[in-house]
Amino acid sequence: MSGRPVVTISSTSRLRRMPPWDDRERATLIALMWERPQAASWPRVVADIIEAGSARSVWDAHHTDAPAPIAEAARQIASWRIAGLGVHTFRDVAYPAQLREIHQVPPVLFSRGTLRPGEPAVSVVGSRRACDHSLDWASEMSSALVSAGITVVSGLATGIDTVAHTAALDGGGQTVAVLGTGINRVYPAANRDLQERITYEGLVLSQFWPNASATKKSFPLRNATMSGYGRATIVVEAGETSGARIQARVGVEHGRPVILRDRVVRTNEWAAALQHRPGVYIVSSVDEALGVVAALRTDLDDVLTGVLAAGG
């Protein structure tokens, strides 16, 4: 990953100074994401808008007279809303403020369910083919987190993710499923009922176009968003090529605490390489992991309060 930070906590003051954000600006943002001037990445589009002061200024710099894509984007936004989707651009009040801190800031998020700005959240992630002991560990961990008033974030995959979401809901807590597909898709198919349940009892989020299929690139992007949404990541079990490995590494890059089970460190070179990095914690039990989260909680709440005050 190259380049300077795209949106950070220090840049939120610039967001506040930007002109009012309205549906025309939202439509222009969508049109810019479709057109991608100069092959800009989506986070680069966000950075260009902040630098220029508005989405329309960026559009006008690359298009002398091309209103049709903006009009089509406005119609598309209206159709998404009619279909019951939440559509949250990076400048909207409901957009999760903590995501503006990361390099990979999604320009727009689609949601079903209840989005709660400022909620304390921790990601619980791991292998799709986890052993029974790890599944039990993830369930106990998620139950403990929601009992402490912390939202459980995971990726709706089979294995650890499924258990984490289910335990959070069964414990009467909040869970957020961050998808690697468009929000109108169900992936994996086996989790259709769980995704529906989270829609009504929690929150389903996606940064991809609503009907987008899964791709090799979408899941690493999803992991970066999960890392940014949560104030810490707990890796329960993971292999050398696991998506949880990607999330742990990007969590370190984001400056987020990363909590690794000791067996993950013992069985993976990537985890052993991370264990001495600042902000990485090794735990052997759920109680120990919960203790780390509790110790971090005051600091994390203070950071989140600062983010919300600056740009939320």
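The values are calculated or read from the model by the stated rules, or taken from the named source; none is laboratory data. If you're wondering where the values come from, they're calculated on a predicted model, not measured in any experiment. Positions of Cβ are backbone-derived with ideal geometry, glycine not excepted, and every protein chain shown enters the neighbour counts.
Here are a few things to note about the model shown:
- Condition check for GLY113: within 16 Å of PRO96 (Cβ to Cβ) and either of a type outside the set (A, V, I, L, M, F, W, C) or not assigned by TED's automatic domain parsing to the domain that holds SER41 (or both): yes
- Set GLN98, GLN76, GLN104: member being surrounded by fewer than 19 Cβ atoms within 10 Å (Cβ to Cβ) and outside the structural domain of VAL250 (by TED's automatic domain parsing): GLN76
- Test: residue in region 61-72 that is β-branched (Val, Ile, Thr), assigned by TED's automatic domain parsing to the domain that holds VAL250 and part of a loop (DSSP other than H, G, I, E, B): no
- Hey, THR199 surrounded by 17 or more Cβ atoms within 10 Å (Cβ to Cβ), hydroxyl-bearing (Ser, Thr, Tyr) and under 19 Å from ARG231 (Cβ atoms) or not: no
- Of all residues in region 67-100, those satisfying the criterion of being without any contact (Cβ under 8 Å) to a residue 60 or more places away in the chain and either within 17 Å of TYR229 (Cβ to Cβ) or of a type in the set (S, T, N, Q) (or both) are GLN76, SER79, GLY86, HIS88, ALA94, TYR95.
- Taking the listed residues ARG256, ARG266, the one that is under 14 Å from the mean Cα position of the chain (by Cα) and either of a type outside the set (S, T, N, Q) or not assigned by TED's automatic domain parsing to the domain that holds GLY86 (or both) is ARG256, with no other qualifying.
- Considering the conditions (1) surrounded by fewer than 18 Cβ atoms within 10 Å (Cβ to Cβ); (2) in contact (Cβ under 8 Å) with a residue 40 or more places away in the chain, ALA224 is excluded by exactly one of them, (1).
- Taking the criterion of being surrounded by 19 or more Cβ atoms within 10 Å (Cβ to Cβ) and either farther than 16 Å from ALA27 by Cβ or in contact (Cβ under 8 Å) with a residue 40 or more places away in the chain (or both), the residues of region 43-66 that qualify are PRO43, VAL45, VAL46, ALA47, ASP48, ILE50.
- Which listed residue, of ARG91, ARG24, is surrounded by fewer than 17 Cβ atoms within 10 Å (Cβ to Cβ) and not hydrophobic (A, V, I, L, M, F, W, C): ARG24
- Looking only at region 120-147, and only at residues there that are part of a loop (DSSP other than H, G, I, E, B) and either of a type outside the set (A, V, I, L, M) or modelled with pLDDT of 95 or more (or both), the one that is surrounded by the most Cβ atoms within 10 Å (Cβ to Cβ): GLY126
- Candidates in region 231-241 are the residues that are surrounded by 24 or more Cβ atoms within 10 Å (Cβ to Cβ) and either over 16 Å from the mean Cα position of the chain (by Cα) or within 21 Å of SER134 (Cα to Cα) (or both); of these, the one that is modelled with the lowest pLDDT is ALA238.
- Total residues in region 160-183, condition in contact (Cβ under 8 Å) with a residue 40 or more places away in the chain and over 15 Å from VAL122 (Cα atoms): 4
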